[in-house]
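Scroll down for the structure; my scribbles are underneath it.
The values are calculated or read from the model by the stated rules, or taken from the named source; none is laboratory data. Nothing here was measured: the structure is a model prediction, and the numbers come from that model. In this analysis, Cβ positions are derived from the backbone assuming ideal geometry, glycine residues included, and neighbour counts consider all displayed protein chains. Surface areas here come from the heavy atoms of the whole protein model, side chains and all, with no ligands, DNA or RNA. Shrake-Rupley method; radii C 1.70, N 1.55, O 1.52, S 1.80 Å.
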Amino acid sequence: MGISLDGPPEIHDSFRTDRAGKDTFYRVFANAKKMLSAGVQVNILSVLTEESTVVIDKVYRFFKSNGFFYQQYIPCLDSLDGKQSFLSSYAYGQALKKLFDEWYRDFVTGTAVYIRDFENYISLLLGYQPEECARYGRCSMQNVIEANGDIYPCDFYVLDRFFMGNIADTDFSRLLNCSLCGEKFFSDASKRDDRCPSCRWYPLCRGGCRRDCYTESGRTENRYCQAYSEFFRYAIGRMEKIAAFLKSRSYH
């Protein structure tokens, strides 16, 4: 069960208030703990902003100390018009490095914490297919269904122009016409950073998420390209050690 929880109260409540403007941390946290106590596997979805990256090691330890061992860190999306950015490439790169230090330290001391990005990188080093869509190198159909039954191809593209139909709709001719919206989405499914083909890190990065890409003066770039490059240079040696360790265990 994925639950959006960005960190301790001072981090979570800085952005996640309800429509009455009230803080939401304690309600979300209490329900997440109830799920854990009932045996539900909880995957924490933590959105990264400039504020949270500064204390990302504290956020990681907070989740771990409360029994949340499945964690996913998601860069906060820029506004659709591109006028507002909530996370710089520099801050994201620093956060990845700090998180990896914490995660690696726990791994070598026998504490298993799942961080989605890192697990996918290790899987790729071992020759497996990634499970994270951002590591495929192309967009795939995610079958996002909203509360009213509306269907969209991706939770980062729940927009009118990509509306694909409604699960309660029995007029299949209308659904067929709506599928053209999906064609618009998939027409550039493989479009990523123009620098990807010559990048050393492409086999692990795969260009990242298309939502993080922008086109300017005819060139397409991923706004977090520098963050990923710095992170891989920083962590590749230790990631290869983990991959080699896991591979050696598979032979016994």
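Numbers below:
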| read-out | value |
| --- | --- |
| Overall form of segment 1-104 per C-alpha gyration tensor (a/c, 1.5; a/b vs b/c) | oblate |
| Farthest positive-ward along the chain dipole, Cα basis, beta-carbon charges - from A168, S229, A30 | S229 |
| Contour minus Cα-Cα distance for Y202 and E132 (0.36 nm per residue) | 23.7 nm |
| Three principal axis lengths of segment 56-106 [C-alpha, angstrom, descending] | 39, 19, 14 |
| Binned Cα-Cα distance frequencies in the chain - 5 Å width, integer % | 1, 5, 11, 15, 17, 17, 15, 11, 6, 3, 1, 0 |
| Solvent-accessible area of R138 with every protein chain in place, 1.4 Å probe, in Å² to the nearest 10 | 110 |
| Kirkwood Rh, angstrom, segment 8-48 [1 / mean 1/r, Cα pairs] | 11.2 |
| Inter-label distance for R105 and R219, nm, one decimal - labels placed 7 Å from Cα along Cα-to-Cβ | 3.8 |
| Rel. contact order, % - alpha carbon contacts under 8 angstrom, at least six apart, segment 1-83 | 35 |
| Fraction of beta bridges assigned by DSSP in the chain that are antiparallel (%, nearest 5) | 45 |
| Selected from A235, A112, A30 as most flexible by GNM, with the chain as the system and alpha-carbon contacts under 10 Å | A30 |
| Listed residues C154, C205, C196, most fluctuating in the chain (Gaussian network, C-alpha, under 10 Å) | C154 |
| Gain in span if fully extended, N148 to Y234, counting 0.36 nm per residue against the direct Cα distance | 26.5 nm |
| Surface accessible to a 1.4 Å probe, per residue, for the residues of segment 73-156, Å² | 49 |
| Exposure rank, largest accessible area first [I167, I122; 1.4 Å] | I167, I122 |
| J(HN,Hα) series, segment 91-105, from Karplus relation 6.51 cos²θ - 1.76 cosθ + 1.60, nearest Hz, glycine and proline x | 5, 5, x, 5, 5, 4, 5, 5, 4, 5, 4, 5, 5, 5, 4 |
| Whole-number percent relative contact order across the chain, with pairs defined as alpha carbons under 8 Å at least 6 apart | 16 |
| Chain lengthening between S187 and S79 when straightened (0.36 nm per residue, less Cα-Cα) | 36.7 nm |
| Dipole in debye (nearest 20) - the chain, about Cα centre, beta carbon charges: Lys, Arg +1; Asp, Glu -1 | 800 |
| Gyration tensor (alpha-carbon) shape descriptor, segment 43-82, a/c threshold 1.5 | oblate |
| Pairwise label distance in nanometres, L36 with S88, each label 7 Å out on the Cα-Cβ vector | 3.4 |
| Whole-Hz couplings from phi, Karplus 6.51/-1.76/1.60, listed for segment 121-137; x for Gly and Pro | 5, 5, 4, 5, 5, 8, x, 8, 6, x, 9, 8, 4, 5, 9, 7, x |
| Helix-only [θ]222 nm of the chain, DSSP H runs n ≥ 4, -39500 (n - 2.57) each, per residue, nearest 500 | -13000 deg cm²/dmol |
| Amide H contacts of G165 (H built 1.01 Å from N, under 5 Å, at least 5 apart or other chain) | I151 |
| Relative contact order [Cα under 8 Å, 6+ residues apart], segment 179-252, whole percent | 23 |
